[in-house]
Amino acid sequence: MKRLSPTLFTLFLFTMAGGCTQAGVNIDPEGDDDDDVTTDVTTDDTTDDTTNDPDCDASVDADNDGLDECEELELGTDDNNPDSDADGFSDSEEVDCLTDPTDATEVCYACGWQHADPGGLGPLGDEEGDTLANMNMIDQCGESVSMHDFAGAYHILFMTTEWCGACLSEASELRQRTIDFVDESGLEFSYIIGIFQDVQGGVPGGHVALEYAQAADAGRAIPVLSDVNEELLRATPFNGSPLPGKCLLSTDMVLVDCYTGHGDDDAAFDWIDDDAAP
Ligand SMILES: [Ca+2]
Ligand SMILES: [Ca+2]
Ligand SMILES: [Ca+2]
Ligand SMILES: [Ca+2]
């Protein structure tokens with residue numbers, strides 16, 4: 001069940017309402033001898049046409065950023081600049097990753113995760129039925145990631161240490177398990193690997209996430225997060241043993257079911273299928 005992002009939803013409504021693609025039917029509705037159709041092509045004539053606004057052309061993408069003139073008008077972006085706020089991410093990349101393409105302080109995650117936190121998730125807690133705390137951990141791209149940005153999709157949080165060899169063997173299967181379940185169900189799902197101890201049993205540094213992602217062949221298909229602030233065990237019913245710990249997360253980041261040990265997680269996948277069924 002994929003949700004339309006607020007921006008895309010706005011665009012969707014905008015498009016359904018006819019957008020701004022129609023040339024004016026009545027070229028001079030005010031009777032002021034002002035030929036709106038021709039003057040509005042280059043000026044934002046907000047006091048004149050509001051319903052038949054010819055200020056944009058949905059067939060034109062002059063800056064080749066993947067957004068047409070009308071989408072850019074709606075978003076407030078520059079249709080002659082592929083990166084309107086000059087933050088290094090194109091206007092359409094920012095639409096896809098749910099950041100503001102007109103605000104340079106909002107940028108996409110380097111690993112490509114969406115900023116999907118709807119805000120206000122809760123009530124927070126560490127027991128089943130509670131909403132998982134909005135922890136910050138370091139991902140395999142070296143960036144701090146807020147947990148609630150993974151809202152909107154289903155997840156299984158796979159909690160392990162760097163030193164657990166059997167856990168790494170299972171972690172190496174998680175990318176394929178994710179692909180298989182997504183293909184079969186059509187749902188948005190991913191494992192999230194959370195590492196709460198390094199190879200010496202200490203607090204993991206941020207670099208551990210990248211090393212573990214490489215060892216587990218996770219690429220950027222699965223978030224691999226280093227629990228640099230020691231929050232993970234406090235945020236879930238899992239006390240660190242036996243390994244690995246797992247928590248099924250709903251699309252609202254609720255801790256649905258937490259359990260331990262190796263396995264194929266079929267019960268969790270069945271729950272997701274049932275939850276998503278109409
Ligand atoms: Ca464009
Ligand atoms: Ca643009
Ligand atoms: Ca940008
Ligand atoms: Ca931005």
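Here are the numbers for this structure:
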quantity	calculated
Some residue of segment 51-64 being at pLDDT 50 or above, over 30 Å from Ile138 (Cβ atoms), within 16 Å of ligand 4 (Cβ to nearest atom) and outside the structural domain of Asp252 (by TED's automatic domain parsing)	yes
Count - residues of segment 94-103 that are more than 8 Å from ligand 4 (Cβ to nearest atom) and either among the basic types (Lys, Arg) or crowded, with 19+ Cβ neighbours inside 10 Å (or both)	3
Residue in segment 92-111 that is within 16 Å of the chain's Cα centre (by Cα), of a type in the set (Ser, Thr, Tyr) and away from ligand 1 (no atom under 13 Å from the Cβ) present	yes
Test set (1) within 29 Å of Val145 (Cβ to Cβ); (2) more than 12 Å from ligand 4 (Cβ to nearest atom) - Thr77 fails condition number	(2)
Condition met for Phe238 (surrounded by 15 or more Cβ atoms within 10 Å (Cβ to Cβ), closer than 12 Å to Ile156 by Cβ and in contact (Cβ under 8 Å) with a residue 40 or more places away in the chain)	no
Candidate set: segment 186-235, residues that are of a type in the set (Asp, Glu) and part of a loop (DSSP other than H, G, I, E, B); chosen: the one surrounded by the most Cβ atoms within 10 Å (Cβ to Cβ)	Asp227
Residue that is farthest from Leu233 (Cα to Cα), among those in segment 89-101 that are within 10 Å of ligand 2 (Cβ to nearest atom) and in a loop (DSSP other than H, G, I, E, B)	Ser90
Residue check for Ser250: touching a residue at least 60 places away in the same chain (Cβ under 8 Å), in the same structural domain as Leu157 (by TED's automatic domain parsing), under 21 Å from Asn134 (Cα atoms) and within 23 Å of the chain's Cα centre (by Cα)	yes
Candidates Thr131, Thr99, Thr161, filtered to the one that is over 16 Å from Ala221 (Cβ atoms) and either among the hydrophobic types (A, V, I, L, M, F, W, C) or within 14 Å of ligand 3 (Cβ to nearest atom) (or both)	Thr99
Residue in segment 241-248 that is modelled with pLDDT of 95 or more and under 13 Å from Ile138 (Cβ atoms) present	no
Failed item in (1) more than 16 Å from ligand 1 (Cβ to nearest atom); (2) in a loop (DSSP other than H, G, I, E, B), with Asp79 passing the rest	(1)
Lone qualifier among Ala86, Ala116 - being out of contact with any Cys (no Cβ under 6 Å at 6 or more places or on another chain) and within 16 Å of ligand 2 (Cβ to nearest atom)	Ala86
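Let's see how each residue does on (1) closer than 16 Å to Ile138 by Cβ; (2) without any contact (Cβ under 8 Å) to a residue 40 or more places away in the chain; (3) among the polar types (S, T, N, Q):
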position	(1), (2), (3)
Glu170	no, no, no
Leu174	no, no, no
Arg177	no, no, no
Asp180	no, yes, no
Asp183	no, yes, no
Phe189	no, no, no
Ile195	yes, yes, no
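The values are calculated or read from the model by the stated rules, or taken from the named source; none is laboratory data. Quick caveat, the model's predicted, so the values are computed rather than measured. When we count neighbours, we look across all protein chains shown, and the Cβ atoms used for this are built from the backbone with ideal geometry, even at glycine.
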